[in-house]
Amino acid sequence: MLTQAIVRRPCPAIVDGLTTSNLGKPVYHLALQQHIQYMKALMACGLKVNILDPDNNYPDSTFVEDTALLIPNCAVITNPGAPSRKGETEEMATLLGRFFQNMEAIEPPGTVDAGDIMMVGSHYYIGLSDRTNKDGARQIIGILEKYNLSGSLVTLEKVLHLKTGVSYLKNNTLLSVGEFIEKKDFKDFTIIPVDDDESYAANSIWVNDCVIMPSGYPKTQRAIEEAGYKILMVNTSEFRKIDGGVSCLSLRF
Ligand code: GLY
């Protein structure tokens, strides 16, 4: 059962967030409204939401998921792969210190964005991406093993982060798009496939028996419902413009 979430309110500089899309710049006041709706969805799933103040030094800082990997009994502070995101971890480390007695950190030259790490029970899949390098992934596996957990590497071809294209929805079930539908690493899972024209919805989150997914993806919505899940939908159009999805906007534990 998840009980806590950490989010950071979007800052005005979000308009300069890193992006690979051509959807235009986020509209700040809409991003703020959508962020409030997102927090309400987390609360509706029973989570207490801890809110960090906006930090205008870091345009992408609302995407808190990348700054830490939370495992039972330990918070691992990452070293984000994009130079403009490196300092985002500082305040997060301070806040997480209130919740976790054990803290670890990824050291350079290792880089890790935790959006590249998907937890499945006691095993963690780590995507090797433009943000997460082999050194960082090996450090993560070393930390996992120290806590009697395990990790394995997954190669990515097209997506920014591993969880851009695949999400674990419990019950041995993955929501997957494109390269992840047939990937050998995931052959033992039940796959809910996402059509390419709804690829953004492959980034959804399971929170206490409910799936929070982005609104506007009816085929994926139907497929998740038919698999037996209750759904909460949130509009994340402004975050999508800078490659941010439903999972990126919170840490949940
Ligand atoms: N804009 C999110 C990221 O590139 O990390």
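Annotations
- A simple packing score, the average count of other Cβ atoms within 10 Å per residue, orders the peptides 99-108, 79-88 as 79-88, 99-108, with the highest score first.
- Taking amide H atoms as placed 1.01 Å from N in the peptide plane, the amide H of Val177 lies under 5 Å from those of Val194, each 5 or more residues away in sequence or on another chain.
- Per residue, the chain reaches -6000 deg cm²/dmol at 222 nm when only DSSP H runs of four or more residues are counted, each adding -39500 (n - 2.57).
- A crude spin-label estimate for the pair Ala82 and Gln4, with each label 7 Å from Cα along the Cβ direction, gives 2.7 nm.
- Values of log10 I(q)/I(0) for segment 1-103 across q = 0.14 Å⁻¹ run -0.58, by the Debye formula with one identical scatterer at each alpha carbon and no solvent.
- Spin-label model distance (nm) - Asn56 vs Gln37, 7 Å beyond Cα toward Cβ: 2.6 nm
- Ratio Rg/Rh [Cα only; Rh per Kirkwood] for segment 83-149: 0.95
- Table column - 3J(HN,Hα) (Hz), segment 9-17, Karplus curve with 6.51, -1.76, 1.60, x for Gly and Pro: 4, x, 9, x, 5, 4, 4, 9, x
- Efficiency of FRET from Cβ geometry, Asp188 and Tyr28, R₀ 45 Å, rounded to 0.05: 0.55
- Largest-first ellipsoid semi-axes for the chain, taking √(5λ) over the Cα gyration tensor eigenvalues, angstrom: 23, 22, 18
- Prolate/oblate/rounded label for segment 156-253 (Cα gyration tensor, a/c 1.5): rounded
- Taking one quarter of the surface of the convex hull spanned by the alpha-carbon atoms of segment 122-192 gives a direction-averaged projected area of 4.7 nm².
Computed from the coordinates by the stated procedures, all read-outs in this text should not be read as laboratory data. Given the structure is predicted, the values throughout are model-derived calculations rather than measurements. Glycine also receives a Cβ, built like all others from the backbone with ideal geometry; neighbour counts cover every protein chain displayed.
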